[in-house]
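Read-outs: derived from the displayed coordinates by stated rules, not from any lab. None of these values were measured; they are calculated from a predicted model. Here the Cβ positions follow ideal geometry from the backbone for every residue, glycine too, while neighbour counts run over all protein chains shown.
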Amino acid sequence: MLAMLIRRLIQSIVVMLVVAFIAFSLFQFVGDPINNMVGQEASAQERAELRERLGLNDPIPIQFMRFVGNAAQGNFGISYRMARPVSAVIAERLPATLELAMISAFFALSMGIGLGVYTALKRSGVLSNFIMTVSLIGVSLPTFLIGILLIYIFAVELRWLPSFGRGQVVRISDWWTTGLLTPSGRASLILPAITLGLFQLTLIMRLVRAEMLEVLRTDYIKFARARGLAQRSIHFHHALKNTLLPVITITGLQLGTIIAFAIITETVFQWPGVGLLFINAIRFVDVPMMSAYLVLIALVFVVINLIVDVLYFVVDPRLRATKH
Amino acid sequence: MNDVLLSVRDLVVEFPKRDKVLTALDHINLEVRRGEILGMVGESGAGKSLTGAAIIGLLEPPGRIAHGEIVLDGQRIDNLPYGQMRRIRGRKIGMVFQDPLTSLNPILTIAEQLIETIRTHLPMNEKQARERAVELLEEVGIPAARRRLDDYPHHFSGGMRQRVVIALALAGEPDLIIADEPTTALDVSVQAQIIDVLKRLCRDRGASVILVTHDMGVIAEAADRVAVLYAGRVAEIGPVRQVVKDPSHPYTVGLMGSIPSVVHDIDRLTQIPGSMPRLDNIPQGCAFNPRCSQVHDRCYRDRPNLIAVESKPDNQVACWLFDERASS
């Protein structure tokens, strides 16, 4: 277990270095940073001095090492657009995205597993067929369309829920603001969370259903039935636990996707998170911001993958070191 | 007739398909006596495993019992609702499957699986059930049973896993065990051990066993009586010595002739021409008529039922040859 963890950690570091290199390359290829910093009337002399001062004349490997060293300390430089440290801006925006992602992941997981199990057990039921048909729509509709539809129905027509923003937020520490503690904050979360989670929900549901049907056909489930075990135990203790192994993999990756690609949902709902920040950064060629976002998302994926690997060990005894 | 534990009467199992109904078991009649091992042989698709599944009430849909009855210990069990049948499975009828590698839940320990099964059927608390689990594992011959209780299935070898499977099948102390090809997936050297375990356990407990297999060696070794199935029908049923040494039905004769023997030096093994008909293509009359060497008119016309053979009181054969002898 420990050896596996160490091996995975080393792999993670390699992945992070590769992503860091790509993020670093952005500075080299996306425009000349000097142009962005100094005005039109700066002389060639001034430009050369600034270039020297910023270390842009150093060999590439040294610049890269400097970049990695700074990034490891959370220092991604100054945003071109906002003239503030990138890390401070991201830290300010991150709680909004994480909150949205967690709520929609919880929504997708609980509903996805529940409905998946239900449709697998009641394979030919009317309700099952209905759910499966609706889920097909959920998979095929693009996220922005779902968001716009939800806004139209619940915000414009019914006027039940707000159509944009985070509502009222409460600062619970220096680096975390939450919308969960106010009624308007909670109401604002509902539509974006559903929009962001709907695709994952249908995906998880279909996956759980397929896996569950597969497991229900196995010999050990037949044997459990032949031993007269209770239906509930067979379904939820024997079958569901075996179903969860592949589900964990996909769900882990999907959770990363939820955080990384909240961009569209955040744009539709004007959600003040890092996705919206990133879109604006692209629009204004804010390179430090873009590279920081890239590294951040890679970190999210790497961490989630690590957690998934550890979860495997918890769920599947076959992976644990043998006792004998 | 108090020594009869299970009797299957005119059992018909059908599989409705889109355009027609396939009859997989066609009026099966057999009895299992208390404490005996009834072997069930036949080619693949003859209906051996299906008979077992029908008895324990686990036919895969859309398969269904269309006719006949199954009586266990004086109680009719083929038409019980799910909840009542569940109480019979494991408690009255145990089942052992073919492949021990896939019969055990890979992510639960042996203890978890045993204790759950024991507590489903017997009024025991966790601790008592755990003790019982150790006893069961010792009974089926697992060394250091107490230490191995909390192991997972993948810690055991194939033969040991089949012992665990048998222990699980016995956990509810059933009167009847249906063993569906219990040795087919095992090494030859382990097969004999598993058969020994089965034989010893049913002798000690007075339990009956239906031993489904296509291995005549296993039947000759373990069974008291044997039923030969062909195309979903019982061709011949009787004491194992008579059926093996002196078969009556032409199909059984061919089946026994096709088994190589070390003791008797035979030049050539006989073979039965052709192959068993598919379920949608069973001929009228006797199902064996296209392949039979002694076929006559009546075999194409009427279907033979099980009839007693004059010289062998315990044998029953579904063949017109013996009816003619009786009448002439």
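Quick rundown of the values:
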quantity: For chain B: span of alpha carbons on each principal axis (Å, largest first); calculated: 67, 50, 41
quantity: Ellipticity estimate at 222 nm from DSSP helix runs (n ≥ 4, -39,500 (n - 2.57)) divided over chain A, nearest 500; calculated: -23000 deg cm²/dmol
quantity: Axial C-alpha extent at least 15 Å, average Kyte-Doolittle at least 0.5 - helices from chain A (DSSP); calculated: A:2-29, A:60-72, A:86-121, A:126-140, A:183-216, A:240-260, A:287-315
quantity: Dimensionless Rg/Rh of chain A - Kirkwood Rh, Rg from C-alpha atoms; calculated: 1.06
quantity: Extended-chain gain in nm, criterion 0.36 nm per residue less alpha-carbon gap, B:ALA308 and B:GLU135; calculated: 57.9 nm
quantity: Relative compactness, the protein assembly as shown, computed as alpha-carbon Rg over 2.2 N^0.38 Å; calculated: 1.37
quantity: Given B:LYS48/B:LYS127; A:LYS241/B:LYS17; B:LYS199/B:LYS245, the pairs whose alpha carbons are separated by over 29 Å; calculated: B:LYS48/B:LYS127; A:LYS241/B:LYS17
quantity: Beta bridge orientation in the protein assembly as shown: antiparallel %, DSSP, nearest 5; calculated: 65 percent
quantity: Gap separating the Cα centres of region B:124-148 and region B:265-308, nearest whole Å; calculated: 49 Å
quantity: Descending semi-axes in Å of region A:2-72, equivalent ellipsoid built from Cα gyration tensor; calculated: 35, 11, 8
quantity: ³J(HN,Hα) computed for each position of region B:12-26 - Karplus, 6.51 cos²θ - 1.76 cosθ + 1.60, integer Hz, glycine/proline x; calculated: 10, 10, 10, 10, x, 10, 4, 9, 8, 10, 8, 9, 8, 10, 10
quantity: Radius of gyration, Dmax [region A:153-278; alpha carbons; angstrom]; calculated: 20.3, 59
quantity: Average partner coverage of B:98-109, which counts Cβ from other chains inside 10 Å; calculated: 5
quantity: Label point at A:VAL15 placed 7 Å out along Cα→Cβ; residues across region A:302-320 whose backbone nitrogen lies under 18 Å; calculated: A:302-314
quantity: Positive minus negative residues near A:GLY185 (Lys, Arg vs Asp, Glu; Cβ under 13 Å); calculated: +2
quantity: Per-selection metrics, region B:14-65 (Cα): Rg and Dmax in Å; calculated: 12.6, 44
quantity: Cα pair distances of region B:180-328 binned at 5 Å [whole percent]; calculated: 2, 8, 16, 19, 18, 16, 10, 7, 3, 1, 0
quantity: Long-range amide H partners of B:ASN315 with built H, under 5 Å; calculated: B:VAL309
quantity: Amide hydrogen neighbours beyond the local backbone of B:LEU22, cut-off 5 Å, H modeled; calculated: B:PHE15, B:LYS17
quantity: Shielding of A:211-223 by partner chains, average beta-carbon count, 10 Å; calculated: 4
quantity: FRET efficiency, 1/(1 + (r/R0)^6) with R0 60 Å, evaluated for B:VAL4 and A:LEU180 via beta carbons; calculated: 0.30
quantity: Ranking of A:PHE27, A:PHE199, A:PHE106, A:PHE278 by count of other Cβ atoms within 10 Å, fewest first; calculated: A:PHE106, A:PHE27, A:PHE199, A:PHE278
quantity: Net charge of Cβ neighbours under 11 Å - reference A:ALA226; Lys, Arg +1; Asp, Glu -1; calculated: +3
quantity: When the convex hull of its Cα atoms is projected in every direction, mean area for region A:256-305 (nm²); calculated: 3.2 nm²
quantity: Under 12 Å, Cβ to Cβ, from B:VAL41 - net charge with Lys/Arg +1 and Asp/Glu -1; calculated: -2
quantity: Label point distance in nm, B:ASP280-A:ARG47, each placed 7 Å from Cα along Cα→Cβ; calculated: 8.0 nm
quantity: Distant-in-sequence amide H partners of B:LEU5 (H built 1.01 Å from N, under 5 Å); calculated: B:VAL32, B:ARG33, B:ARG34
quantity: Fluctuation leader among B:LYS48, B:LYS92, B:LYS20 - chain B, Gaussian network, Cα springs under 10 angstrom; calculated: B:LYS20
quantity: Residue among A:ARG186, A:ARG166, A:ARG84 with the largest mean-square fluctuation in a Gaussian network model of chain A, springs linking Cα atoms under 10 Å; calculated: A:ARG84
